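Chemist: Supplied in structure tokens, the structure appears directly below.
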Amino acid sequence: MLFKVGDIVSRNSYNNDTLFKIVSIEDGLINLKGVEVRLYADSPPGDLKLEKDLSLKNEDEELIEEVNETIRLDRNEFFYLPGKVLHIDGDDEYLERCINFYKKMKVKTYALSLKEEVMSIDIQKYLKELKPDIVVITGHDFFYKNRKEINNINNYKNSKFFVDAIKKAREYEKSQDKLIIIAGACQSDYESLIKAGANFASSPKRVNIHALDPAIIAASVALSTRDKPIDIIKIIERTKYKEEGIGGIITNGMMYRGYPR
């Protein structure tokens, strides 16, 4: 079967469990990007099955409604000033979906599309310029399973670049209470990201994460009040793969609450 860029496919060797979009075809090898999960992969044509094209709009809307239902604010007497988010993403399409999510959640967001390997270069400049309360550092990643050692950061496609960006952000603001960092993508080196200074990171069990998972965490923190610690279990439960996909440390939220409305 002949495949073309843009086709939606799955891999027979993985029981067709994940949908991918073909992003390029080079020397007989097909490069893939996860449709719902933040994962890059490649495959020979013989391992691929053509799937129906699909719209993710309805699925995203359902997810937004579910998250919205869990964040209930008393708007009768109080007013709220949510935390501001800087979302840096290695994928334009995922970034667009996340921007739509933030808009629906009424969270002010600055969005930057940067490839993972250059995220650390100017991150301090953007932090000084935009002064966000929360920064998301995400894109694509994967663990090279043929290399076995999960504790070696060189066995991950982009984790080392996420670590570099986290460290640069922490040079700008050392306090994990003043700047919340959410980092990682599918199968990322969770321990290394947390040790570098992230408040939340993927992926404790080296599983895939949903395209919107980093944004769900960011919006949840932005809409949690500064006067008390967040319910970390409740926030992580809002994500697609829960504690297997994302973990973190307990911090306060980043929203001011005022009275009267």
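The values are calculated or read from the model by the stated rules, or taken from the named source; none is laboratory data. What you see is a predicted model, and the numbers here were worked out from it, not measured in a lab. Heads up, the Cβs are rebuilt from the backbone with ideal geometry, glycines too, and the neighbour counts pull from every protein chain shown. Remember, those area values only see protein heavy atoms, side chains included, never the ligands or the DNA or RNA. Shrake-Rupley method; radii C 1.70, N 1.55, O 1.52, S 1.80 Å.
Chemist: Restrict the check to segment 63-84 and report whether at least one residue is in contact with a Pro (Cβ under 6 Å, 6 or more places away or on another chain) and either under 30 Å from K168 (Cβ atoms) or surrounded by 11 or more Cβ atoms within 10 Å (Cβ to Cβ) (or both).
Modeler: There is at least one residue in segment 63-84 that is in contact with a Pro (Cβ under 6 Å, 6 or more places away or on another chain) and either under 30 Å from K168 (Cβ atoms) or surrounded by 11 or more Cβ atoms within 10 Å (Cβ to Cβ) (or both).
Chemist: Hey, which of the strands (runs of 3 or more DSSP E) in segment 108-227, taking only ones fully inside, have at least 2 residues that are under 30 Å from R75 (Cα atoms) and open to solvent by less than 40 Å² (accessible area, probe 1.4 Å)?
Modeler: Correct list: 134-138, 180-183.
Chemist: Looking only at segment 75-87, decide whether some residue is hydroxyl-bearing (S, T, Y), closer than 19 Å to H140 by Cβ and either touching a strand residue (DSSP E or B) at 6+ places or on another chain (Cβ under 6 Å) or touching a residue at least 24 places away in the same chain (Cβ under 8 Å) (or both).
Modeler: No, the conditions are met nowhere in segment 75-87.
Chemist: Tell me, yes or no, whether segment 90-105 has at least one residue that is open to solvent by 70 Å² or more (accessible area, probe 1.4 Å), closer than 16 Å to I216 by Cβ and basic (K, R).
Modeler: Yes, there is a match, as at least one residue in segment 90-105 is open to solvent by 70 Å² or more (accessible area, probe 1.4 Å), closer than 16 Å to I216 by Cβ and basic (K, R).
Chemist: Within segment 243-261, restricting attention to residues that are in contact with a helix residue (DSSP H, G or I) (Cβ under 6 Å, 6 or more places away or on another chain) and open to solvent by 30 Å² or more (accessible area, probe 1.4 Å), which residue is farthest from L81 (Cα to Cα)?
Modeler: E243
Chemist: Related question: Between a residue in segment 1-26 that is in contact (Cβ under 8 Å) with a residue 60 or more places away in the chain and closer than 15 Å to L39 by Cβ and any residue that is in a strand (DSSP E or B) and of a type in the set (A, V, I, L, M, F, W, C), which pairs come within a Cβ distance under 8 Å, given they are 6 or more apart or on different chains?
Modeler: Listed pairs, sorted by first residue: T18/V37; T18/L39.
Chemist: Name the residues in segment 27-48 that are farther than 24 Å from D89 by Cβ, open to solvent by 20 Å² or more (accessible area, probe 1.4 Å) and out of contact with any Pro (no Cβ under 8 Å at 6 or more places or on another chain), would you?
Modeler: Hits for segment 27-48 are D27, P44, P45, G46, D47.
Chemist: Quickly run through segment 106-153 and pick out the residues that are touching a residue at least 24 places away in the same chain (Cβ under 8 Å) and basic (K, R).
Modeler: Across segment 106-153, the qualifying residues are K106, K108, K115, K128, K131.
Chemist: Taking the stated definitions as given, is R257 over 18 Å from the mean Cα position of the chain (by Cα) and assigned to a helix (DSSP H, G or I)?
Modeler: No; evaluated as a whole, the condition is false for this residue.
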